Amino acid sequence: MSNARPRRWRPPSASWLLVAPALVLVTAILFVPLGESFLRSVSSPTWTLDNYTGLFTDGVTVKVLVRTARTAAEVTVVAFALGYPYAYLLTRVGPRARAVMLVVVLVPFWTSVMARNFAWLLILQRGGPVQAVVSALGGHVTFVGTTLGVTIAMSQVLLPFMVLPLYSSLSGIDRRLLLAARGLGSSPLAAFWKIYWPLSRGGVVAGLIFVFTLSLGFYVTPALLGSPQQSLVAQLLAERTTQLLDFAGAGALGMLGLVATLVLVAWANRVGGTISAIGVVATSGTKESR
Amino acid sequence: MTTTPALSGTPTASAEPVLDRPRVLRRRRHRGVDPVPWWLVVIGVLVGLYFVLPTAIVIPVSVGGEGAFKFPPKVFSLDLYRRFFTDPLWLGSLGNSVLVAVLAALLATAVGTAAAVGLHRLTGRTARFVRTLLLVSMVTPSIVIAVAVYASFLQWHLTGSVTGYVLAHAAIGVPFVLISVTSALGGFDTKLLRASASLGASPARTFVRVTMPLIGRGIATGAVFAFVTSFDEVVIALFLRSPTFQTLPVQMYNSVTYQLDPTIAASSSLVVVSVTFFLLLPQLVRTRRPRRQGDPR
C-alpha cells in the first residue's frame, strides 16, 4: 500500500531514543564480537577462505558435523513422538488439567542447566537406576559416554520447543471437522490422517525445525554425558577456542553454525511458530487457559 | 470419563473437587460423543513424568549424604547442605552468581523495558528488524556467542571481571524483558496516554504514574527471567571464568567434571527450588489478580 507513495525522509521518532540503549548493549556485547569473529575467520592470517575450506578438508570437522546432525535428528524424532500426543492431549483436557500440564511442560525451561545435567548423569550412569532396569530385563546398554545418553537428556530439555508450537497449532483446529468426518462414516484413523494431520502441519514443521536447530548448538549436555571421542560440534568449537587457540578456525565453524541456525529459525518463523511465541509462553506460563 | 481417575492424582485437580462439580458434569456429557482415548492419557502421564524426572531426582539425592552420586539414596543426612554453606568455594561462587545476576537483571530490565515501550510506538520495517535483532540471541547457540564473546573480551580485558559477566548476561537477558513487557503492553490502552497528557502530565510523569503500574507485572516478569537467565547461565560463564572469579553453575560444572564433589547435589537442589520459586512468583500473583481486575471492566 505504501509502494505507491514516494519515499520521503522523515526525522526519526523520539521513540528510537528508548530503543537505543538496548540496541547499543546488544550490538556491543553480541554483534561486535560475532562480527570480529567473522572478520578473523576470513582474514587470518591474510584475506582467505582457508578457514572455511579447512572445515571440510581436515577430516575431523565433517565427521563431527555428521554426528551432530544425526544426534539432532534423533532428538527431533524422539521429541516429536512424545510431543505430538502430549500437545494433542493438552487441547482435549479441561482447563485445570491443562494448567497443570502446561506447568509440567515449562519445568525443563525452569530447571537449572547444571542441576538437570547432573540429574541425568545420576539417572543414566553406570550402575544407575536406568541401567539396573535394563540389565534386569536382560539387556545391556551404556548411556553415559555415548550419544544415546546425550539424546535422552537433550530430548527432555527440548521437548517444550516441540510441544508449545504444536499446541498453539493444534488448539486452532476445529474439532467439529473430525466429528463431521466420523458422522459421514470415516474411521477415527482416517479422520485423523486426512483432516487433523494436514491442519496441524504448520505446528509440526515449526516444532521439528526448532528442536533440530537448538540441538545443533548444545554444549553442556554432550560435554558431560557424551565423550571426547564422540564429540559434537559445540565441543569441537570450545576445544578449538580454549585449547588450540585457533580463533580463526573456531570463528569459521561458529559462523557456519550461526548461519545454519538463523536460516532454520527464519524458516520455522515462516511456517508458523515464531521465536517470540515460544518466548511468550515461556515467560507467561499458564496464563493462557480458556 | 476415562481421563478423570488418571488426572485426579494431580494436586490442582484434587484440590477443590467440590467447587468443580458442575463443570465436570458438563464435560462428562460431552465426552460421550468425542472421548479422549485412555492410552493417550497414559502417554500424557508418562511424558509428564519424563518432563519432571530430573527435577524430581536431585532433591532426594541431596539428602542422601556422602554417597550422593547414587540414586535412590540409602541414608538421610544434611551433610551436603552443611558442606555447601561452610565451603568458601561454593559460598563464594554463589555470592558471585547472585551479584552478577542482580546487576545483569537490572541492566537488562532497564534497557529492555525502554526498548519495548519504544518499539511499541514504532511501526514499519526498521522497527520490525530491530525487534528481531534484539530477540536473535534467544535462538543463537550459546556456544557460538560464548566463543565470540570470549575472543573479544580477551582483547577488551573483560574476562574474569564482574563487568564482563554483567554485560554478557544482560545482553542475553534483554529478549526476555522485551517479550514480557511487549505482551504486557498489548493490553495497554494508549488513549490513557493522551488522557494523561491532556490533564497536564509530562511524558515522564505519565510513564511513572500511568504506564508503569499497568505494565508493572510484565516488567517484573521480565526482570525475574533476566535474573534466572543469568543466574543459571553456564556456557558463556565457562569461557569468561578466571581462577579468582567464577559463578555457581561453573563451580557445579567443575564439580562434575574434575573433582566429583557431591556437594553439587545440594547446590542443584537449592538452585532448582529457588529458581522454581522465583519463576512461579509472577505466576502466583497473576492467577489471583484477574478476578479482581476483571470486575471493573
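The values are calculated or read from the model by the stated rules, or taken from the named source; none is laboratory data. All values reported here derive from a predicted model rather than from experimental measurement. Please note: Cβ atoms are built from the backbone with ideal geometry, for glycine as well, and neighbour counts cover all protein chains shown. All accessible areas refer to the heavy atoms of the entire protein, side chains included, with ligands and DNA or RNA removed. Shrake-Rupley method; radii C 1.70, N 1.55, O 1.52, S 1.80 Å.
Tabulated results
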{"quantity": "The stretch B:7-46 - residue that is closer than 17 Å to A:Ala87 by Cβ, at pLDDT 50 or above and open to solvent by 30 Å² or more (accessible area, probe 1.4 Å) and, of those, nearest to the other protein chains (Cβ to nearest Cβ)", "calculated": "B:Ile43"}
{"quantity": "Scan of the stretch B:211-238 for residues that are away from chain A (no Cβ under 12 Å) and open to solvent by 30 Å² or more (accessible area, probe 1.4 Å), ordered by number", "calculated": "B:Met212, B:Pro213, B:Leu214, B:Phe227"}
{"quantity": "Condition met for A:Val105 (β-branched (Val, Ile, Thr), more than 22 Å from A:Ala260 (Cβ to Cβ), within 7 Å of chain B (Cβ to nearest Cβ) and open to solvent by less than 30 Å² (accessible area, probe 1.4 Å))", "calculated": "yes"}
{"quantity": "Filter result for B:Leu103 (away from chain A (no Cβ under 11 Å), modelled with pLDDT of 90 or more and farther than 26 Å from A:Val259 by Cα)", "calculated": "yes"}
{"quantity": "Breaking point among (1) part of a helix (DSSP H, G or I); (2) open to solvent by 10 Å² or more (accessible area, probe 1.4 Å); (3) closer than 18 Å to B:Leu238 by Cβ, for B:Ala148", "calculated": "(2)"}
{"quantity": "Complete set of residues in the stretch B:109-119 that are in contact (Cβ under 8 Å) with a residue 24 or more places away in the chain and within 8 Å of another protein chain (Cβ to nearest Cβ)", "calculated": "B:Val111, B:Gly112, B:Ala115, B:Val117, B:Leu119"}
{"quantity": "Pick from the stretch B:71-97, criterion open to solvent by 20 Å² or more (accessible area, probe 1.4 Å) and within 14 Å of chain A (Cβ to nearest Cβ), ranking: nearest to B:Ser183 (Cα to Cα)", "calculated": "B:Leu94"}
{"quantity": "All positions within the stretch B:242-259 that are crowded, with 21+ Cβ neighbours inside 10 Å and outside any helix (DSSP H, G or I)", "calculated": "B:Gln246, B:Thr247"}
{"quantity": "Answer residue from the stretch A:39-58, given it is part of a loop (DSSP other than H, G, I, E, B) and of a type in the set (S, T, N, Q) and is nearest to B:Val174 (Cα to Cα) among those", "calculated": "A:Ser44"}
{"quantity": "Residues that are under 14 Å from A:Ala260 (Cβ atoms) and assigned to a helix (DSSP H, G or I), drawn from the stretch A:197-230", "calculated": "A:Ile209, A:Phe210, A:Phe212, A:Thr213, A:Leu214, A:Ser215, A:Leu216"}
{"quantity": "Residue list for the stretch A:123-150, filter: within 13 Å of another protein chain (Cβ to nearest Cβ) and crowded, with 23+ Cβ neighbours inside 10 Å", "calculated": "A:Leu124, A:Gly149"}
{"quantity": "Filter pass, A:Val141 being under 20 Å from B:Leu279 (Cα atoms), free of Cβ contacts under 8 Å to residues at least 60 places away in the same chain and among the hydrophobic types (A, V, I, L, M, F, W, C)", "calculated": "no"}
{"quantity": "Among the residues listed as B:Ala201, B:Ala148, B:Ala237, the single one being in contact (Cβ under 8 Å) with a residue 24 or more places away in the chain and either touching a Phe, Trp or Tyr at 6+ places or on another chain (Cβ under 7 Å) or among the hydrophobic types (A, V, I, L, M, F, W, C) (or both)", "calculated": "B:Ala237"}
{"quantity": "Residues that are open to solvent by less than 10 Å² (accessible area, probe 1.4 Å), modelled with pLDDT of 85 or more and not β-branched (Val, Ile, Thr), drawn from the stretch A:207-216", "calculated": "A:Gly207, A:Ser215"}
{"quantity": "Failed condition for B:Ala171, given (1) open to solvent by less than 10 Å² (accessible area, probe 1.4 Å); (2) over 24 Å from A:Pro33 (Cβ atoms); (3) within 11 Å of another protein chain (Cβ to nearest Cβ); (4) in contact (Cβ under 8 Å) with a residue 24 or more places away in the chain", "calculated": "(2)"}
{"quantity": "Among the residues listed as A:Glu74, A:Glu36, the single one being more than 8 Å from every other protein chain (Cβ to nearest Cβ), of a type in the set (Asp, Glu) and part of a helix (DSSP H, G or I)", "calculated": "A:Glu74"}
{"quantity": "For A:Leu245: the one exception among (1) at pLDDT below 80; (2) more than 10 Å from chain B (Cβ to nearest Cβ)", "calculated": "(2)"}
{"quantity": "B:Ser62 vs. criteria modelled with pLDDT of 85 or more and more than 7 Å from chain A (Cβ to nearest Cβ)", "calculated": "no"}
{"quantity": "Within the stretch A:129-183, tally of residues that are small (Gly, Ala, Ser) and in contact with a Leu (Cβ under 6 Å, 6 or more places away or on another chain)", "calculated": "2"}
{"quantity": "Qualifying residue in the stretch A:61-80 (condition: touching a Lys or Arg at 6+ places or on another chain (Cβ under 8 Å) and modelled with pLDDT under 85)", "calculated": "no"}
{"quantity": "Residue list for the stretch A:135-176, restricted to those being over 22 Å from A:Ala72 (Cα atoms), in contact with a Phe, Trp or Tyr (Cβ under 8 Å, 6 or more places away or on another chain) and in a helix (DSSP H, G or I)", "calculated": "A:Leu170"}
{"quantity": "Among the candidates A:Leu189, A:Leu179, residue that is open to solvent by 30 Å² or more (accessible area, probe 1.4 Å), touching an Asp or Glu at 6+ places or on another chain (Cβ under 8 Å), part of a helix (DSSP H, G or I) and not aromatic (Phe, Trp, Tyr)", "calculated": "A:Leu179"}
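Here's the yes/no breakdown for (1) surrounded by fewer than 19 Cβ atoms within 10 Å (Cβ to Cβ); (2) within 30 Å of B:Thr206 (Cα to Cα); (3) of a type in the set (D, E, K, R):
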site	(1), (2), (3)
B:Leu107	no, yes, no
B:Thr113	no, yes, no
B:Leu119	no, yes, no
B:Arg125	yes, yes, yes
B:Val130	no, yes, no
B:Thr140	no, no, no
